[in-house]
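As structure tokens, the structure follows; a few thoughts come after it.
The values are calculated or read from the model by the stated rules, or taken from the named source; none is laboratory data. Computed from a prediction, not measured in an experiment: that's the story for all the values here. Because the Cβ atoms are built from the backbone with ideal geometry, glycine has one as well, and the counts that use them run over all protein chains shown.
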Amino acid sequence: MGQVANERREGANEARAMAKYIRVSPQKLNLVAQTIRGKNAERALIDLEFSPKRVAEDVRKVLQSAVANAENNHNLDVDRLIVAEATVGKSVTMRRFRARARGRASRIEKQFSRLTVVVREKEEE
């Protein structure tokens with residue numbers, strides 16, 4: 001009667017979190033996402049805490065959500081999590097108009113971004 005459950009998109013030792021409408025351009029968001037890729041999750045949270053960029057707080061919230069998903073939904077060890085992926089993409093664009101000379105107008109585009117963070121449990125060496 002019901003719908004069949006969707007398959008998991010991440011591996012057995014991974015968890016994911018996503019933010020869809022972050023009010024910053026993807027290029028600026030990618031600069032912050034680059035700083036946490038491949039790092040230990042705890043270290044990445046500390047780096048984002050002291051980052052001077054405004055968008056670092058949004059990235060920190062998404063990373064905290066991914067860590068919480070790993071702990072609560074997938075029973076992964078929080079101390080062994082690393083940031084496997086931090087992907088940035090375009091989202092919607094607000095369009096505004098600004099009055100210019102001689103009765104003309106020019107378009108101002110205010111971009112939004114989306115961020116997906118995947119944390120993975122590190123295997124024992």
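So for the stretch 63-86 (the condition being more than 10 Å from Val119 (Cβ to Cβ), among the hydrophobic types (A, V, I, L, M, F, W, C), touching a residue at least 24 places away in the same chain (Cβ under 8 Å) and crowded, with 16+ Cβ neighbours inside 10 Å), does at least one residue qualify? Scanning the stretch 63-86, I find no residue that is more than 10 Å from Val119 (Cβ to Cβ), among the hydrophobic types (A, V, I, L, M, F, W, C), touching a residue at least 24 places away in the same chain (Cβ under 8 Å) and crowded, with 16+ Cβ neighbours inside 10 Å, so the answer is no. Consider the stretch 29-44 and keep the residues that are touching a strand residue (DSSP E or B) at 6+ places or on another chain (Cβ under 7 Å) and assigned to a helix (DSSP H, G or I). The one that is farthest from Phe112 (Cα to Cα) is Ala41. A residue that is assigned to a loop (DSSP other than H, G, I, E, B), more than 12 Å from the chain's Cα centre (by Cα) and either farther than 23 Å from Asn13 by Cβ or at pLDDT 95 or above (or both) cannot be found anywhere in the stretch 108-121. Examine the stretch 45-62 for a residue that is among the charged types (D, E, K, R), in contact (Cβ under 8 Å) with a residue 40 or more places away in the chain and part of a helix (DSSP H, G or I), and state whether such a residue exists. Yes; the residues of the stretch 45-62 include at least one that is among the charged types (D, E, K, R), in contact (Cβ under 8 Å) with a residue 40 or more places away in the chain and part of a helix (DSSP H, G or I).
Considering the conditions (1) within 22 Å of Arg16 (Cα to Cα); (2) touching a residue at least 12 places away in the same chain (Cβ under 8 Å), Arg96 is excluded by exactly one of them, (1).
Of all residue pairs spaced 6 or more apart or on separate chains, those with beta-carbon atoms under 6 Å, a first member in the stretch 105-125 that is more than 25 Å from Asn69 (Cβ to Cβ) and a second member that is part of a strand (DSSP E or B) and basic (Lys, Arg) are Ser106/Arg98; Arg107/Arg95; Ile108/Arg96; Ile108/Arg98; Glu109/Arg95. Counting the residues of the stretch 1-24 that are under 13 Å from the mean Cα position of the chain (by Cα) and either farther than 23 Å from Arg120 by Cβ or in a helix (DSSP H, G or I) (or both) gives 3. Within the option set Ala19, Ala15, being under 13 Å from Val117 (Cα atoms), touching a His at 6+ places or on another chain (Cβ under 6 Å) and of a type outside the set (D, E, K, R) holds for one residue only, Ala15. So for the stretch 73-96 (the condition being more than 24 Å from Glu121 (Cα to Cα), of a type in the set (Gly, Ala, Ser) and in a strand (DSSP E or B)), does at least one residue qualify? Within the stretch 73-96, one or more residues are more than 24 Å from Glu121 (Cα to Cα), of a type in the set (Gly, Ala, Ser) and in a strand (DSSP E or B). How many residues does the stretch 23-47 hold that are among the hydrophobic types (A, V, I, L, M, F, W, C) and within 16 Å of Val88 (Cα to Cα)? The number of residues fulfilling the criteria is 6.
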